[in-house]
1. With the cut-off at 18 Å, report for region 38-118 the share of all Cα pairs above it, as a whole percent.
2. Under 15 Å Cα-Cα from Lys128, which aspartates and glutamates qualify once same-chain neighbours fewer than 8 residues away are excluded?
3. Take region 175-267, drop everything but the C-alpha atoms, weight them equally and run the Debye formula without solvent; then report log10 I(q)/I(0) at 0.10 Å⁻¹ to two decimals.
4. Computed from these coordinates, which is Rg and Dmax of the Cα atoms in Å: (1) 18.0, 59; (2) 21.9, 70; (3) 17.9, 53?
5. Across bins of 5 angstrom width beginning at 0, how are the C-alpha pair distances of region 1-146 distributed, in whole percent?
6. If one takes the longest principal axis of the Cα atoms in the chain, at what angle in degrees, from 0 to 90 and to the nearest 10, does the Cα axis of helix 12-24 lie?
7. Ordered by packing density, taken as the mean number of other Cβ atoms within 10 Å over each peptide's residues, highest first, how do 61-74, 192-205 rank?
8. By count of other Cβ within 10 Å, fewest leading, how are Val94, Val252 ordered?
Amino acid sequence: MSGKIGFIGGGSMAEGIIRGLLAAGTWKAEEILLKEILPQRKEYLKEQYQIELIDDLRELAAKADILVLAVRPQNAQSVSEELSAVIQEKTLLVSICAGIQIGKLSGWIGSRIHFARIMPNTLIETGKGYSALAFSANVTEKEQLEAQKITNAIGETLIISEQHFDAFTALGCAGPEWVLLFAAALIDAGVESGLSREDAKKIVVQNLIGTGLLLESTPKHIYEITDGMNTPGGIGIAGFHSFAQAGLHGIVMDAVASAHRRTTELGE
């Protein structure tokens, strides 16, 4: 299938995907088409990535085998309704519009179209992290593989039921921000203990990387790992006591629950 891929909207997330596709060699610059309404943004993307700019939606729909809907959620309905008059039935429509369900897209554009929905990885710049991917019932296996090429180019792919997209968004998309907040607190604690901020950051960054690699490589439950780290009367268990008193576990679970509720609200 592959052929050409067209983006409707050239915001930061679309740019991240385009950059990932080019870096991975999944699509070449001449195979990537873009429709963007902001003149300065168009010029920047053209100069930066040498992709083809197309102003007419009908022309874009005619040339692209895969269309990526990358507009703001509040603009999704109007753009989709405009697209419904020009999109070809052979086209796979991939949406990265946050909170917009496949059912809504199908209602606006038509159930004859094959849909994929992506919640992109927020760590695109690193090539790590997961993107969620779901499909309409009429999507073929070949089309699923084509859509997965997009998510694989920007990190890992998690194919899940669309009903779990809000939970994925709450944990997968907001999670890196919370990890950063925890990292910031650790760095500040290192500075308070007498380390330079530069050294404290180096230590924390390597702790995060090393811990992630450890978790990825072992089937052990996290508590099995921490139990092995907590020597009797040691420094780790002393700090763990402070976390337990502050209710860290509950705070984190509350944060994810709050993000989940907000994601659901935005979708409605």
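1. Working: 1371 of 3240 pairs.
That tail contains 42 percent of the Cα-Cα pairs.
2. Within the straight-line limit of under 15 Å, Lys128 reaches these aspartates and glutamates: Glu156, Glu177, Glu216.
3. Log-scaled intensity ratios, in q order: -0.36.
4. Identified label for the calculated read-out: (2).
5. In whole percents, the pair-distance histogram is 2, 10, 21, 25, 23, 14, 5, 1.
6. Roughly 90 degrees between the two axes.
7. Values: 61-74: 19.6, 192-205: 12.9.
Final packing ranking: 61-74, 192-205.
8. Numbers: Val94 25, Val252 13.
Final ranking by Cβ density, sparse to dense: Val252, Val94.
A short reminder: the numbers here are calculations on the coordinates, not readings from a lab. These figures come from a predicted structure and were not determined experimentally. Counting neighbours? That spans all protein chains shown, and the Cβs are built from the backbone with ideal geometry, glycine included.
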